[in-house]
Amino acid sequence: MAHALMFDADDPLLARVRAIALAMPGASEKVSHGRPAFFTQKVFAYYGGTTKAEHNEGLHPPRLSVLLEPDERLAMLGEGAIAPAYLGPYGWVAVDLGSATDWVRMGELIDASFRVTAPKRLVAELDARL
């Protein structure tokens, strides 16, 4: 059974996330479990992420979910990120997006998650761009 879409395709926050994520080497987008997912061979970012309570209430706040190294994950949780339902136990964190979002920081988080999940050749390609 397909999941209901939990995003607005015209959301300007999604457009910002999409621009950053799809700039990564070999990156593509698909809808997974009702959310935009950005991936190479593995997903490195989701547009969305909820607590179980939010999910049960049908709430879908704008968030960016990323997979980070364990020490970075703990730091993010200490700074207010959440462990999203279903993905949190696997090391993912979700950060709120809004009008005050630091987009440089979001780019850094997407970059870090890409480096955790992408094949070495794509990470090398990213490093060659710098």
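Structural remarks
- Selection within the range 85-95 - out of contact with any Asp or Glu (no Cβ under 9 Å at 6 or more places or on another chain) and on the phi < 0 side of the Ramachandran plot: 87, 88, 89, 90, 92, 94
- Cross-chain or 6+ apart pairs with Cβ under 7 Å, the range 58-73 first and over 20 Å from residue 39 (Cβ atoms), then at pLDDT 95 or above and open to solvent by 40 Å² or more (accessible area, probe 1.4 Å): 61/96
- Given (1) open to solvent by less than 30 Å² (accessible area, probe 1.4 Å); (2) within 19 Å of residue 11 (Cβ to Cβ); (3) in contact (Cβ under 8 Å) with a residue 40 or more places away in the chain, number of the condition residue 24 does not satisfy: (2)
- The range 29-52: number of residues that are among the aromatic types (Phe, Trp, Tyr) and in contact with a helix residue (DSSP H, G or I) (Cβ under 7 Å, 6 or more places away or on another chain): 3
- Note on the range 31-42: among residues that are modelled with pLDDT of 95 or more, in a loop (DSSP other than H, G, I, E, B) and of a type outside the set (Val, Ile, Thr), the one that is surrounded by the most Cβ atoms within 10 Å (Cβ to Cβ) is 42.
- Taking the range 49-71 as the range and being open to solvent by less than 70 Å² (accessible area, probe 1.4 Å) and either assigned to a helix (DSSP H, G or I) or modelled with pLDDT under 95 (or both) as the test, the residues that pass are 49, 50, 51, 53, 54, 58, 61.
This table checks each residue for (1) in a strand (DSSP E or B); (2) within 26 Å of residue 100 (Cα to Cα); (3) open to solvent by 50 Å² or more (accessible area, probe 1.4 Å).
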{"site": "3", "(1), (2), (3)": "no, no, yes"}
{"site": "6", "(1), (2), (3)": "no, yes, no"}
{"site": "9", "(1), (2), (3)": "no, yes, yes"}
{"site": "16", "(1), (2), (3)": "no, yes, yes"}
{"site": "29", "(1), (2), (3)": "yes, yes, yes"}
{"site": "44", "(1), (2), (3)": "yes, yes, no"}
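- Failed item in (1) without any contact (Cβ under 8 Å) to a residue 60 or more places away in the chain; (2) out of contact with any helix residue (DSSP H, G or I) (no Cβ under 6 Å at 6 or more places or on another chain); (3) within 18 Å of residue 118 (Cα to Cα), with residue 55 passing the rest: (3)
- Residues located in the range 96-125, provided they are of a type in the set (S, T, N, Q) and either open to solvent by 60 Å² or more (accessible area, probe 1.4 Å) or in a loop (DSSP other than H, G, I, E, B) (or both): 99, 101
- Flag for residue 81 being of a type outside the set (Val, Ile, Thr) and within 11 Å of the chain's Cα centre (by Cα): no
The values are calculated or read from the model by the stated rules, or taken from the named source; none is laboratory data. What you see is a predicted model, and the numbers here were worked out from it, not measured in a lab. No Cβ is skipped: glycine too gets one built from the backbone with ideal geometry, and neighbour counts run over all protein chains shown. SASA here: full protein model, heavy atoms, side chains in, ligands and nucleic acids out. Shrake-Rupley method; radii C 1.70, N 1.55, O 1.52, S 1.80 Å.
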